[in-house]
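This report refers to the structure that appears directly beneath it.
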Amino acid sequence: MTDWETRQELDTLADSETKNRDVVLKLYDALRSRDVESVHRILTPDLDYWFHGPPPHQFLMRTLTGVSPPFEFAPLSVVSFGSTVIAEGCDAASSVSWIHAWTVSHGIITQVREYSNTSLTVTRIGGVVAGRSAEIARSHCPSVWESKFSGRAGKSVPGLVLAI
């Protein structure tokens, strides 16, 4: 593969990451404005949902199902790593921090992992770089992102590692 082809593939990956991030930001806008039709267009009907945190803090599922008054998600940080988009924020009182790890496929969100009052570290254990699979290093999985708002409440929270 030539240097030019490698640059083209990396540019394509960056464009894809930007598009995936935009899909997630559109979802937050739709949630904030209570635009149910847009939410249905952005999320797959069989969304794969996973939660970690205190059970009363399942704010995303409660918002999506209309079980309780919607939680105001205002992401303070949004980053993208391939098909995974990480969004992080906290409530107005900074007593509850939340992290969503979204999986976007062809412009549709297919999976979300919701973490509440949890410190999260994202590591990359392999992947595709310039169209080639990267080998998984046995001794080192670099951290590519760490949550910043989980300690705002002034209390200790559990920590997890998400491998992508």
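The values are calculated or read from the model by the stated rules, or taken from the named source; none is laboratory data. Predicted, not measured: the structure shown is a model, and the values here were computed from it. Please note: Cβ atoms are built from the backbone with ideal geometry, for glycine as well, and neighbour counts cover all protein chains shown. Side chains included, ligands, DNA and RNA excluded: accessible areas come from the protein's heavy atoms. Shrake-Rupley method; radii C 1.70, N 1.55, O 1.52, S 1.80 Å.
The table below gives the values:
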read-out: Residues located in region 79-108, provided they are hydroxyl-bearing (Ser, Thr, Tyr) and part of a loop (DSSP other than H, G, I, E, B); value: 83, 94, 95
read-out: Which listed residue, of 39, 112, is at pLDDT 90 or above, assigned to a helix (DSSP H, G or I) and open to solvent by less than 20 Å² (accessible area, probe 1.4 Å); value: 39
read-out: Candidates 29, 46, filtered to the one that is assigned to a helix (DSSP H, G or I) and open to solvent by 30 Å² or more (accessible area, probe 1.4 Å); value: 29
read-out: Residues of region 142-158 satisfying the condition of being surrounded by 10 or more Cβ atoms within 10 Å (Cβ to Cβ) and either under 15 Å from residue 86 (Cβ atoms) or at pLDDT below 70 (or both); value: 143, 144, 145, 146, 147, 148, 149, 150, 151, 152, 153, 158
